[in-house]
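Okay, structure first, notes after.
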Amino acid sequence: MSAWGTRADTPSRFLAEADRAETAGDLVGAALALRNHLERHPGDGPARLRFARLLLDSGERAAAREALTPFDGAGTGAEAGSSVGRQAERTLAEIDEAEGALASAALRWRSWTPTSKPPRHKLTARCRPRFPSPMKP
């Protein structure tokens, strides 16, 4: 079983706190509860992804990227093919785009497997050449 694929066997009280806080609209409280959970369960990939999404929604791109560090470059591990790994890669691509790192974002979007194509995105249009290639007839 992948360390990123499932939560620990015993549910953390911090996950319940995060659920309550998020339901109440308290993103900061939810993020704090998830951070506390991740300190005790660092291999909980779904919680890590949720934490990064909360940070991103709060405008904390650098902190979101740091939270996703275990997924960054995980293209060869067991996490690479998992749903959580693909969602993390997509989130990292979104962060790259927001920071203006279009080449890095394009590489991340292209790393998707053929069965999980990235959405048609404005980045795709920006990465296309605006003139015909001299190499093609």
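Figures for the structure shown
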{"item": "Residue in region 80-137 that is modelled with the highest pLDDT, counting only those that are among the charged types (D, E, K, R) and more than 19 Å from Ala64 (Cβ to Cβ)", "result": "Arg110"}
{"item": "Pairs where the first residue, in region 58-85, is among the polar types (S, T, N, Q) and the second is surrounded by 13 or more Cβ atoms within 10 Å (Cβ to Cβ) and modelled with pLDDT of 80 or more, C-beta under 6 Å, 6+ apart", "result": "Ser58/Leu27"}
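Yes/no per residue for (1) charged (D, E, K, R); (2) modelled with pLDDT under 80; (3) in a loop (DSSP other than H, G, I, E, B):
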{"residue": "Ala8", "(1), (2), (3)": "no, yes, yes"}
{"residue": "Pro11", "(1), (2), (3)": "no, yes, yes"}
{"residue": "Ala21", "(1), (2), (3)": "no, no, no"}
{"residue": "Arg35", "(1), (2), (3)": "yes, no, no"}
{"residue": "Leu38", "(1), (2), (3)": "no, no, no"}
{"residue": "Arg53", "(1), (2), (3)": "yes, no, no"}
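The values are calculated or read from the model by the stated rules, or taken from the named source; none is laboratory data. Because the structure is predicted, anything quoted here is derived from the model rather than measured. For neighbour counting, all protein chains shown are included, and Cβ atoms are generated from backbone atoms with ideal geometry for every residue, glycine included.
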